[in-house]
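Data block below; observations after.
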Amino acid sequence: MRTDTPWSTLPARDHLLAGAVDTAGAPVLDVVVPVHNEEKDLEPCVLRLHDHLARTFPYAFRITVADNASTDRTPQVAARLAAALPRVRSYRLEEKGRGRALRTVWSGSDAPVLAYMDVDLSTDLNALLPLVAPLISGHSDLAIGSRLARSSRVVRGSKREFISRAYNLILRSSLAARFSDAQCGFKAIRRDVAERLLPMVEDSGWFFDTEMLVLAERAGLRIHEVPVDWVDDPDSTVHIVRTAAEDLKGVWRVGRALAVGALPLDRLARPFGDDPRDRALSGVPGGLARQLVGFCVVGALSTLCYLGLYSLFRLGAGPQIANGGALLVSAVANTAANRRLTFGVRGRGGAVRHQAQGLVVFAIGLALTSGSLAALGAASGSPSHATELAVLIAANLAATVLRFLLFRAWVFPERTDRNPDCSGVAPAASSAGRADCSGAAPADSSAGRAAFSAAPAAASEVAPADCSGVAPVASSAAPADCSGAAPAASSAAPADDTHHETGNLR
């Protein structure tokens with residue numbers, strides 16, 4: 001699973017202003033319609049979608065037809081539509097996969113809001129503006145249509161209804177997903193989020209949506225759900241059994257990656273102050289309350305584990321050996337749990353060092369508890385098992401307080417500067433809440449925008465100002481603030497990139 005995303009937090013969400021964005025030459029919304037052998041349905045779908053957006057959408061838009069290696073006349077139909085309608089483009093991929101098509105087109109788009117919908121238009125188009133409005137306003141990071149919400153109105157067969165609900169139940173039970181509908185082909189995402197999130201999504205097929213949503217939710221991004229009216233397409237070519245099998249494999253893969261902390265999800269975090277819960281309290285260090293709650297929960301579970309192990313080891317060993325063995329096993333588990341859950345450290349980097357430091361803290365706890373047992377034995381000679389447990393509980397409480405202080409100050413100290421590359425940025429840039437300066441726009445993403453070779457000038461005009469990966473208007477107000485970034489990293493050079501996928505997009 002790829003983890004080579006740019007370091008630093010995401011920039012603060014900005015409201016996109018219609019007039020300013022339009023003058024920059026880039027649309028606000030890019031709607032992608034992935035297709036494979038859809039020569040019959042493609043033209044009426046695009047015409048209907050174009051008419052709806054032209055009549056009801058108050059911002060500039062683009063419709064991109066992403067052809068997934070079609071073998072019929074779909075490429076010719078897409079090219080004809082792109083030639084007839086100025087706000088329609090076509091993109092040809094030589095490999096199949098809905099996820100691959102979305103990743104490719106979204107990575108190359110210059111629109112600040114990206115969306116997609118299925119070609120059958122099963123979802124009522126009146127939900128499109130409510131879908132993207134929270135992204136335009138800066139309220140949310142992603143938005144999805146839900147067929148399983150209470151107010152949704154859905155017409156489909158019992159078989160598909162059962163499969164959909166069973167799949168979402170699996171996601172909730174295995175991956176702790178809280179969104180209601182992972183498979184509805186009606187989703188949108190902000191481009192600055194997509195630039196960080198898409199490189200982490202490994203799947204290129206139907207599981208792409210689910211993986212993207214699970215990672216976004218685990219990273220703390222805000223997902224907006226819109227109840228939709230949805231009518232099933234009886235001519236759908238989706239192979240249900242094969243798709244379900246691939247989805248279950250994806251659930252296992254993502255669950256395993258999350259369990260071992262292999263994903264650097266902290267790179268998707270919003271900066272401090274973007275969430276109302278991040279408001280600073282006078283005299284209280286940031287995050288202390290949440291860390292205390294997490295530490296207490298982990299500590300309570302660790303204590304129960306320790307007592308159970310001590311009682312088990314005590315059956316065949318003396319009190320000191322049983323105490324040391326139980327403490328060692330529970331300490332390793334406690335350090336791993338606090339690393340992930342309490343202090344939010346993800347990934348394998350530094351895990352060995354953290355465990356080594358945790359063992360030092362364990363040694364201190366061992367000295368306290370062993371000393372307590374030694375003192376008890378000296379005082380009462382042959383204490384009962386219940387008395388031993390009572391003394392150990394008291395000693396563990398004292399060790400727990402000391403353990404939290406050492407974890408917070410020494411083992412997992414709070415990083416005050418997570419993006420040293422931003423040190424040269426003018427203070428005015430940070431006043432807008434953008435912690436990542438120019439780092440939000442990865443080089444591969446800016447280069448990918450050259451794939452839309454029909455408008456290289458527009459891409460090169462927008463990219464230098466859009467150094468934070470948010471709306472062009474948000475960064476165009478202070479272009480000088482991005483001087484700390486290398487120009488090549490945040491702008492697309494038409495002279496160097498026009499060879500990339502030239503002619504694929506019309």
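Measuring nothing but how far apart in sequence close Cα pairs (under 8 Å, 6+ apart) lie, relative to its length, segment 288-411 scores a relative contact order of 26 percent. The calculated FRET efficiency for the pair Val293 and Glu94, based on their C-beta separation and a Förster distance of 41 Å, comes to about 0.20. In terms of other Cβ atoms within 10 Å, Ile136, Ile223 run from fewest to most in the order Ile223, Ile136.
Shape verdict for segment 117-215, please, from the Cα gyration tensor: rounded (a/c under 1.5), prolate (a/b greater than b/c) or oblate. Oblate, since a/c reaches 1.5 and b/c is not below a/b.
Model label points for Ser151 and Ala333, set 7 angstrom from Cα along the Cα-to-Cβ axis, are 4.5 nm apart.
Cβ-to-Cβ counts within 10 Å put Phe162, Phe207, Phe61 in ascending order as Phe162, Phe61, Phe207, the fewest first.
Distance between the 7 Å Cα→Cβ label points at Arg348 and Arg165: 4.2 nm.
Taking other C-beta atoms within 10 angstrom as a stand-in for reagent exposure, Lys187, Lys96 fall in the order Lys96, Lys187, fewest first.
For segment 18-262, the relative contact order comes to 22 percent (Cα pairs under 8 Å, sequence separation of at least 6). Between Gln320 and Ala390, the simple label model (points 7 Å from Cα in the Cβ direction) yields a spacing of 2.5 nm.
Where a number appears in this text, it was derived from the coordinates with a stated rule and is not lab data. Since the structure is predicted, the reported quantities are computational estimates derived from the model, not experimental observations. Neighbour counts are summed over all protein chains in view; Cβ atoms, including those assigned to glycine, are modelled from backbone coordinates with ideal geometry.
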